[in-house]
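Novice: Let me give you the structure first, and then I'll get to my questions.
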């Protein structure tokens, strides 16, 4: 398969690991954050960290859209789903995200009409086919997913589909990254940038990281050789005293992003003044709501929902995991009370969550075998 | 995903994934696609046409 096999060549991977080893300075500890949960998943699926020198540590960032949804927003979705004549649609991994009184899947078991969709377009199709029902799409995701919601809302408006609406939980990646850089808890040496978000926003918005915080960024693809090469590029910048945004994923990411997608998003969305992130608290201008031109499709206006902030369960340490302060195995409930089958925290629910990646690929202990 | 049918009028394409599953994909954010093109799709929308 083109664009896949050539980026999974084990011999090239070992050769790249050798170049990484030759680039690191003995005695120096490097902490590199992969911002995106897709990278975290690939790193553990392919055992990439086992190819790295012991002094290169990968820290997992907040770029998993399911993981950062706060409990109160899940409760709002459930409250709307339980209202008469409502069909609530969402992506599959959202179904099992715990709110304060269960999940959307639990609501479905109680009789709510909750359906999994592949894209918001599917939700719009359900609305067209069921004009007697109110079809609500529970929208989540970063800038990669937001264009899909925006295009669907444009279609709904153009077609006059009045029984369709959206609970908008789209978030933006740069404000939490800035918050992490401001955090005294964490010292990072560089960032593996989120390749898929950058297909939309481009690499340019990440320039504030080297300019304002003196940390290098490499926008990375998701195959094993992509990630290894990105790590090598970061380490080379550090070794050479350079600090800039480099684009390893040039086959996909234009430096200025997808201008059509940005234009559609600017039409349909506007920034919320602030938004709550699970475990990270409220972050200014870190999420999107529907613009005035699309407010007729805003489910938060159409339906009543609690809109209450709910504290995370005390046992769960997803917040620290999402900020890269602790590793999943350091959480008190990891792999015991919290498993993918019975998740307490969101990081164990989504395949892109760091806890699920550690659990699914057997990283249950703190030791790392370096080859 | 690979484009297997194009509905240019509605800005849609039928695309096949690596495992053979087929999905309707919105193509309004990329230049017009042709049969056999590889596209990066996220949540039902083509975000990039990959170089041939």
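Nothing in this text is a laboratory measurement; each read-out follows from the coordinates by a stated rule. Everything numeric here is computed off the predicted structure, so don't read it as measured data. All Cβ positions, even for glycine, are placed from backbone atoms using ideal geometry, and neighbour counts span all protein chains on display.
Novice: Which percent of the Cα-Cα distances in region A:1-65 go past 16 Å?
Specialist: Of all Cα-Cα distances in region A:1-65, 55 percent exceed 16 Å.
Novice: Order of A:144, B:27, A:336, B:49 from fewest to most other C-beta atoms within 10 Å?
Specialist: Least to most surrounded, the residues fall as A:336, B:49, B:27, A:144.
Novice: Okay, helix-only estimate at 222 nm for chain A: each DSSP H run of n ≥ 4 adds -39500 (n - 2.57), divide by all residues, round to 500 deg cm²/dmol; what do you get?
Specialist: That comes out to -10000 deg cm²/dmol.
Novice: Here's a follow-up. Which shape class applies to region A:318-358: rounded if a/c is under 1.5, otherwise prolate when a/b exceeds b/c and oblate if not, where a ≥ b ≥ c are the square roots of the Cα gyration tensor eigenvalues?
Specialist: oblate
Novice: Within 10 Å, count the other beta carbons around each residue, average over each peptide in A:192-204, A:305-317, and list them highest first.
Specialist: A:192-204, A:305-317
Novice: Could you tell me, in Å, what Rg and Dmax come out for the Cα atoms of the protein assembly as shown?
Specialist: Here Rg and the maximum Cα pair distance are 21.1, 67 Å.
Novice: How many angstrom separate the Cα center of region A:71-142 from the Cα center of region A:273-287?
Specialist: Here the two parts' Cα centres lie 22 Å apart.
Novice: Another question, if that's okay. Quick one: which of B:9-17, A:51-59 comes out on top by average Cβ neighbours within 10 Å, and what's the full order, highest first?
Specialist: Listed from highest to lowest mean packing, they are A:51-59, B:9-17.
Novice: So how tilted is helix A:10-23 from the main axis of chain A? Cα-based, degrees 0 to 90, rounded to 10.
Specialist: For helix A:10-23, the angle is close to 60 degrees.
Novice: For peptide A:191-200, compute the average count of partner chain beta-carbon atoms within 10 Å of each residue's beta-carbon.
Specialist: Mean partner shielding for this stretch: 2.
Novice: Could you work out, residue by residue across A:254-264, how many beta carbons of other chains sit within 10 Å of that residue's beta carbon, and then give the average as an integer?
Specialist: 2
Novice: Another one. For A:232, B:23, what's the fewest-to-most ordering of other Cβ within 10 Å of each Cβ?
Specialist: Least crowded to most crowded, the residues run B:23, A:232.
Novice: Next question, about the same structure. Could you list A:73, A:272 so that the one with the fewest beta carbons within 10 Å of its beta carbon is first and the one with the most is last?
Specialist: Lowest to highest Cβ neighbour count: A:272, A:73.
Novice: Restricting to bridges with both residues inside the protein assembly as shown, how much of the DSSP beta-bridge set is antiparallel, in percent to the nearest 5?
Specialist: Restricted to the protein assembly as shown, the bridges split so that about 40 percent are antiparallel.
Novice: Using 0.36 nm per residue of separation minus the Cα-Cα distance, give me the extension gain between residue A:250 and residue A:360 in nm, one decimal.
Specialist: That works out to 36.6 nm of additional length.
Novice: Project the alpha carbons of region A:69-130 onto their principal axes and report the range along each, largest first, in whole Å.
Specialist: 32, 23, 17
Novice: Using a 10 Å cut-off around each Cβ of peptide B:23-30, what is the average number of partner chain Cβ atoms that fall inside?
Specialist: Taking the mean over all residues of the peptide, I get 5.
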